[in-house]
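Colleague: Here it is: the structure, laid out below.
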Amino acid sequence: MGRINRSFAVTTLSLDDASAAAQVFSDTRAGTAAAEEPLQLRSRGVTLLTTTRTPGNDVELVHGWLFTEGLIRDASDVATARYCAGAVDTGGRNTYNLMDVDIAAPLTPVSPLADSCGVSREQTISEIVHSAPGPVTPVDISDEAWFRFADLVVERNAKAPTRAAVLATAEADHVLRREDLNTSHAVDKLIGSLVLDSAVPAAERVLVLDTQVTFEIARKALMAGIAAIATTADASSLAVELARHAGMTLVAHASGRRVSVYAGLQTP
């Protein structure tokens, strides 16, 4: 849709203190910012999700979100997924920000966090693991391969500073890449692509990120059968606990020379 970036007039202020009297210079030029727009997901008139995202791969995002929330089992549960023709801007153009889906009989979302009060950490993790479609299949990754995953996400497009979610093989070969300002939505798009291709569970695959692995991201990976996650950033405590309980491998602070193993491999 050509809405990944938006153009703005950007004024840059710079301080020149080389002379005795410091001066501030102003320079206004065309600049860009990564697009962020709202997205509402409805089914039969009921709003299922209201969020913001980087436009693009919306059908994948919707399928990935529905799948990881346990609202569909596979792509065949979605009869149609289309932008609402009535959602238009003041110029009468479709905003592409409202998507209607026709899904099978509503299922109960798998996440116990949605409407919980006082739920314990242990209960949350246990319920998530037991609600997953099946146990994850451990990925056999050589020690040397762990140092190659960072290369898949370190190169970012400065004109579109979105977060990357990459699916890789156990040999650290690139399989699929999706991006979004919201890392969870980048993962949704990635998993949605797998759902549409009937490629879940994604056994023998590794999720590679360039941002923090949170509980929500680890949960999405578990739902898709992805047993290993590598990130160049860090991981939250709840993500580590979920990975350990589910038998997943979680590696953080990944680089070409060092990785930190939080779950799997030789962790106690």
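Colleague: Normalised by the residues of the chain, what does the relative contact order come to in percent, with Cα pairs under 8 Å and at least six apart?
Modeller: 17 percent.
Colleague: What is the sum of charges, Lys and Arg at +1 and Asp and Glu at -1, for the other residues whose Cβ falls under 11 Å from the Cβ of Leu250?
Modeller: Its environment carries a net charge of -1.
Colleague: Something else now. Suppose accessible area is computed on protein heavy atoms with a 1.4 Å probe; arrange Phe215, Phe147 from highest to lowest.
Modeller: These residues rank, largest area first, as Phe147, Phe215.
Colleague: Can you order the peptides 27-37, 6-16, 93-103 by their average number of other Cβ atoms within 10 Å per residue, highest first?
Modeller: 93-103, 27-37, 6-16
Colleague: If you take the square roots of the eigenvalues of the alpha-carbon gyration tensor of the chain and sort them as a ≥ b ≥ c, do you get rounded (a/c under 1.5), prolate (a/b over b/c) or oblate?
Modeller: Taking the square roots of the gyration eigenvalues as a ≥ b ≥ c, the chain is oblate.
Colleague: If you build a Gaussian network model of the chain, linking Cα atoms that sit under 10 Å apart, which residue out of Arg178, Arg42, Arg121 swings the most?
Modeller: In this elastic network of the chain, the residue with the biggest mean-square fluctuation among Arg178, Arg42, Arg121 is Arg121.
Colleague: Something else: Place a +1 charge on the Cβ of each Lys and Arg in segment 128-245 and a -1 charge on the Cβ of each Asp and Glu, then give the dipole magnitude about the Cα centre in debye, rounded to the nearest 20.
Modeller: Taking the Cα centre of segment 128-245 as origin, the dipole is about 400 debye.
Colleague: With springs only between Cα atoms under 10 Å apart, run a GNM on the chain and tell me which of Asp173, Asp74, Asp210 wobbles the most.
Modeller: Highest fluctuation among the options: Asp173.
Colleague: Apply the Karplus curve 6.51 cos²θ - 1.76 cosθ + 1.60, θ = phi - 60°, to the phi angles in segment 214-221 and return the couplings in whole Hz, x for Gly and Pro.
Modeller: 9, 4, 5, 5, 4, 5, 4, 4
Colleague: May I pose another question? List the trypsin sites (Lys or Arg not before Pro) within segment 201-268 that DSSP assigns to loop and that have no more than 13 neighbouring Cβ atoms inside 10 Å.
Modeller: In loop regions of segment 201-268 (DSSP not H, G, I, E or B), the sparsely surrounded trypsin sites (Lys or Arg not before Pro) are Arg257, Arg258.
Colleague: Can you give the calculated 222 nm mean residue ellipticity of the chain, where each DSSP H run of n ≥ 4 adds -39,500 (n - 2.57) and the sum is split over every residue, rounded to the nearest 500 deg cm²/dmol?
Modeller: Calculated at 222 nm, the ellipticity per residue is -6000 deg cm²/dmol.
Colleague: While we're looking at this one, here's another question. Please work out whether segment 131-206 counts as rounded, prolate or oblate from its C-alpha gyration tensor, where a ≥ b ≥ c are the square roots of the eigenvalues and a/c under 1.5 means rounded, while otherwise a/b larger than b/c means prolate and anything else oblate?
Modeller: Cα axes put segment 131-206 in the oblate bin.
Colleague: What distance in nm separates the simple spin-label points at Arg121 and Thr52, each placed 7 Å from Cα in the Cβ direction?
Modeller: 3.1 nm
Colleague: Starting from the Cα of Arg29, step 7 Å along the direction of its Cβ; do the same at Glu144; then give the gap between the two resulting points in nm.
Modeller: Each label point is offset 7 Å from its Cα along the Cβ direction, giving 4.4 nm.
Colleague: Considering only protein heavy atoms, what per residue accessible area in square angstrom results for the chain with a 1.4 angstrom probe?
Modeller: Value returned for the chain: 51 Å² of accessible area per residue.
The values are calculated or read from the model by the stated rules, or taken from the named source; none is laboratory data. No experiment lies behind these values; they were computed from the predicted model shown. Cβ coordinates were reconstructed from backbone atoms using ideal geometry, including for glycine residues, and neighbour counts include every protein chain displayed. Please note that ligands, DNA and RNA were not included when accessible areas were found on the heavy atoms of the full protein model with its side chains. Shrake-Rupley method; radii C 1.70, N 1.55, O 1.52, S 1.80 Å.
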